[in-house]
1. Return the residues of region B:18-75 that are surrounded by 20 or more Cβ atoms within 10 Å (Cβ to Cβ), part of a loop (DSSP other than H, G, I, E, B) and within 10 Å of chain C (Cβ to nearest Cβ); say none if nothing qualifies.
2. Within region A:39-84, can you find the residues that are closer than 17 Å to residue B:202 by Cα, in contact (Cβ under 8 Å) with a residue 24 or more places away in the chain and within 12 Å of chain B (Cβ to nearest Cβ)?
3. Suppose we filter region A:84-104 for residues that are at pLDDT 95 or above, under 17 Å from residue A:12 (Cβ atoms) and surrounded by 17 or more Cβ atoms within 10 Å (Cβ to Cβ); how many remain?
4. Here are some residues: C:322, C:344. Which one is surrounded by fewer than 21 Cβ atoms within 10 Å (Cβ to Cβ) and under 19 Å from the mean Cα position of the chain (by Cα)?
5. Which of the helices (runs of 4 or more DSSP H) contained wholly in region C:191-300 include at least 1 residues that are without any contact (Cβ under 8 Å) to a residue 12 or more places away in the chain and not β-branched (Val, Ile, Thr)?
6. Within region B:99-109, is even one residue assigned by TED's automatic domain parsing to the domain that holds residue B:33, aliphatic (A, V, I, L, M) and out of contact with any Phe, Trp or Tyr (no Cβ under 9 Å at 6 or more places or on another chain)?
7. Based on what the data block shows, is residue B:246 of a type in the set (A, V, I, L, M), crowded, with 23+ Cβ neighbours inside 10 Å and in contact (Cβ under 8 Å) with a residue 24 or more places away in the chain?
8. Look at residue A:141 and say whether it is among the hydroxyl-bearing types (Ser, Thr, Tyr), within 12 Å of chain B (Cβ to nearest Cβ) and part of a strand (DSSP E or B).
Amino acid sequence: MSTTLEPLLRKHPLFSGFDDDSIHLITSCAKNVRFHEGDLVAKQGEPADEFFLIREGRIAMEMPSPQGLMRLQTSDAGDVVGWSWLVPPYDWHFDLRAVSNVRAFSIDGRCLRNKCESDPRFGYTMMKRFSKMMADRLEATRLQLIDIYGAPADTTAP
Amino acid sequence: MSSVLHPPDASALQAGSMLPEPWVVVSRLEENADTFTIELRPAEEGTLRPFAPGQFNMLYAFGTGESAISISGSPENSDTRVHTIRRVGTVTSALDRLAPGDTIGLRGPFGSAWPIEELPGRDLVFVAGGIGLAPLRPAILHALAHRKDYGRIVILAGARSPEDLIFHDELLEWKEEPDVEVKLTVDRAGIDWYHHVGVVTTLIPQADFDPANAVAMVCGPEIMMRFTAVELNKNGLPDSRLFVTLERNMKCAVGICGHCQFGPEFICRDGPVFRYDHIHHWFSQREV
Amino acid sequence: MTTDPPVLLPREQFGSLLEALARRGYRVVGPTVRDGTIVYDDLTKVEDLPIGWKDEQEGGHYRLKRREDEALFGYVVGPESWKKYLHPQRLRLVKAERDTSGHMTFTDGDEEEPVRYAFLGMKSCELNAMMIQDKVFLGSGTADSHYERRRKNIFSIGVSCGEAGGTCFCVSMGTGPEVTDQTPHDLAVTEVIEDTSHYFVLTAGSDEGREVLNELPATPAGPEHVSAAKQRVEHAASTMGRRMDTGGVRELLRENLEHPQWEDVAQRCLTCANCTMVCPTCFCTTVEDVTDLTGDNAERWRSWDSCFTLDFTWMHGGSARQSAKSRYRQWLTHKLSTWHDQFQSSGCVGCGRCITWCPVGIDLTQEVAAIREKDNHPAPTTS
């Protein structure tokens, strides 16, 4: 299994440029996973021991709201899903739901955190890449927040 | 790349262009909670002028006023003119109350057009936000009607929620076409939505087009167009191959009342379609 | 500076000009004193002119004062401009009727018969302003029929200034003080008052101007008259109340849209719109749709509007230019910068009205100077 995982992980933008040792370690922390449409991939509040690289399919971030269960963001093939593993207290901040059948890599977060601690250079690079992803998400979320399509008389909009 | 196509010699800029003509409502359709589409034909035979995709008409609700509304129907239609209108004020609410058979005043068509006829051989990327899909629709319909003239066709449409997405059925039809890529996204959805959720710019990196040859046509709220331009630039598309359509308060539609000015441009006459590099300087300022 | 030879008209004979115009069926309008200002109104006799009056102008200040002589044109400009005749403040555009079956008919609402006006007393800055508005209303692609029908009947009598006003800067803008061929006109007049004589030097600027001159009891002007007239104009040119460095002003404002000076002027500007009302080139209008009580007859009326109003850019429940800063910036960048892009000239003729009639005395020449002093994006030295 690891032999087919490694070249794929090596090619992913999240891990590009890392040396062979790091790639080996990451590969050892990774496994293939599958979800069926409708599966709850992660649950808010539970320990976030992993994050995902989607290979096929779509995962949505779901939250309960006064209007019912809402999907606030989706991720597709190539996307990285989950940053909760990197930020204390390392619990999921939201639910993740498979909107279709999904094939993904699951990367063991605890394993990778240890590597970040022991190898600061590796850790800093991971931080940079994840913080970019989070910054992009934040910017996208802000655009969603200001309700750009909102009706003009909609004074309840924030 | 030549500059924005100037509309065909059909704009009503001769003397008396402040005078509406009587037109009749043929049909009316509810698109979503605050948007409707009306189809109009001239009250007098033989007065239908051709229009170019991106142009608009001034629609007059008797005694109430006029509103600038983009034409949202096919340019090949030689019988009627279709307009998709969002209820945002007194005039649009008055237009909302019209039923088939009612008369309406119309002046137009006015303004510049999407350069769709100058683009054979190119990949086309349409990015629409909210009701922005309406002014793009005539260009999309033209492209689909002349499919083999163009390279890849990508349609990215965003809306606030699934209920707000206009032309939903038609988008799904276009999605079925084998050589058209359609991606839909909403800002928020319930659990019966299986497409994307997120702002429309997030669809751009995933879209399949050749940035070295593609032309993008973008329409939506100003902030959405700004962010879309940034994302398109990041994905290799320069401002000179990016067209947007702007909107401002209009009274005359012929470049005289001064209301629609945007920097040096009169949106009614120099626009509403602009090549992005021509207006970027002013577009990146606040409160212009 | 026309090739027509100048003629001399003594003061006592000035009335013959009004009579000649009246004989030709012109309705003579020009300056007259009313309500403590000099406004434009019908002139039936020479005594209607503001004889012996001058205007003291400064930022936010206008007073009429008695002159020491009895000059007919011894003032500069009042709050009004000739645009009130050519671009009416209120105009009916459309009449609409709806019959019982809902069928609508539309007719041109501008039924006013255009008056054949003779504009007596157009300062050079005002002739330039009219030329600028001609470009706006009759230039490429926009033929405003309402302006056109009023404009083509005008007989213009320009008057060169012998004294500059406190807020004048026509020299900086290249629009005066002398009436020249730069601005088409029918007649050009310079008033000369010397110790013992009071006369006018007139030149024709058009065929019709020539015809009118031929009907007057005028004699060829001698070199001493011409040089006296020239001296008056030179005196005006050298006593301008303001100046503006116009070099590269289009780019200066375009590149400094976030200059701190805008915030500074916004603290003072009341957005009262006086400047746009008195400016001879401002042309913005709005429309209003009204119905009668039956609801079957509607009219659309057009009236002057100002970009300073909060709802000028109202759309979808909000204004694109919300702050006073953005609205002042719009007015000034349009007048001095984007006007060039739109109409290939400056929109300002240096008449100073906006300075005089601003309640807080905002002076656009000073605002431009302040921006120039700390130019954030100095243009390259090559042109």
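1. Listed by number, the residues that qualify are B:18, B:20, B:62.
2. The answer is A:54, A:57, A:58, A:59, A:60, A:61, A:71, A:72, A:73, A:74, A:78, A:79.
3. Number satisfying all stated conditions: 2.
4. Within the list C:322, C:344, the selection yields C:344.
5. Helices (runs of 4 or more DSSP H) meeting the threshold: C:207-214, C:223-238, C:260-268.
6. Yes: region B:99-109 contains one or more residues that are assigned by TED's automatic domain parsing to the domain that holds residue B:33, aliphatic (A, V, I, L, M) and out of contact with any Phe, Trp or Tyr (no Cβ under 9 Å at 6 or more places or on another chain).
7. Judged against the criteria, residue B:246 is not a match.
8. The answer is no for residue A:141.
The values are calculated or read from the model by the stated rules, or taken from the named source; none is laboratory data. A quick note: this is a predicted structure, and the numbers were derived from the prediction, not measured. All Cβ positions, glycine included, derive from the backbone under ideal geometry; neighbour counts span all protein chains shown.
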